[in-house]
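What follows is a single structure, written as structure tokens, with notes after it.
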Amino acid sequence: MQMRLLIITAIIMCTLTGCSAQSSESTPKLQHALLVEPNSEAVAEVIALLLHSQQIQLADDVFLTSSTVTLDKLNQKDTLGNPIMGKQLNMPDQFELMIKNEQCFVRHLDSKATKVINDVNCRVNN
């Protein structure tokens, strides 16, 4: 009986110690962001990495007015320029610009894969 009481007391003490050890400050979360100045080349490079594809081309104003961008998948064509599958059935890829602790990230909405984007300045999109 005394052993059982000792074990219960030890479990309660460990639980209370674990709760008090947690920081009162919450971990900063990723927030939607906008670029401060245009840098479509850096954005295109990161998106190409997320898609595991070759370099892509984006509009100069990507992520300047919206924290999301949608890329339509191009139809595959044969050597004569005709669509191979006929009709495009794939959904477009969507990406969002995020910020955490003044560091910018690009996240693929479907896979949630996220990469740091260097050489850009971004701000929280309110």
Query raised in the report: Accessible surface of V62 in the full protein assembly, 1.4 angstrom probe, to the nearest 10 Å²?
Result: 10 Å²
Query raised in the report: So how far apart, in nm, are the two label points at T79 and L30 if each is 7 Å from Cα heading toward Cβ?
Result: 4.3 nm
Query raised in the report: Ordering L58, L49, L109 from largest to smallest accessible area (1.4 angstrom probe), what's the sequence?
Result: L49, L109, L58
**Report entry** I12/N126 FRET efficiency (R0 41 Å; Cβ-Cβ; nearest 0.05)
**Finding:** 0.40
Requested in this report: Take E102, E96, E45 and sort them by solvent-accessible surface of the protein heavy atoms, 1.4 Å probe, largest at the top.
Outcome: E102, E45, E96
Requested in this report: Work out, step by step, the length gained on full extension between Q94 and Q57: first 0.36 nm times the residue separation, then minus their alpha carbon distance; give nm to one decimal.
Outcome: 11.9 nm
Query - FRET efficiency, E37 to D72 (Cβ-Cβ, R0 30 Å, nearest 0.05) - result: 0.70
Query raised in the report: Can you list the HN-Hα couplings for the range 37-45, worked out from phi with the Karplus curve (6.51, -1.76, 1.60; θ = phi - 60°), rounded to whole Hz and with x for Gly and Pro?
Result: 9, x, 7, 5, 5, 5, 5, 4, 5
Query - Heavy-atom accessible area ranking, 1.4 Å probe, most first, across T70, T65 - result: T65, T70
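The values are calculated or read from the model by the stated rules, or taken from the named source; none is laboratory data. Please read all numbers here as calculations on a predicted model, not as lab measurements. Every residue, glycine as well, gets a Cβ built from its backbone with ideal geometry; the counts of neighbours run over all protein chains shown. The area values use the complete protein model at the heavy-atom level, side chains included, leaving out ligands, DNA and RNA. Shrake-Rupley method; radii C 1.70, N 1.55, O 1.52, S 1.80 Å.
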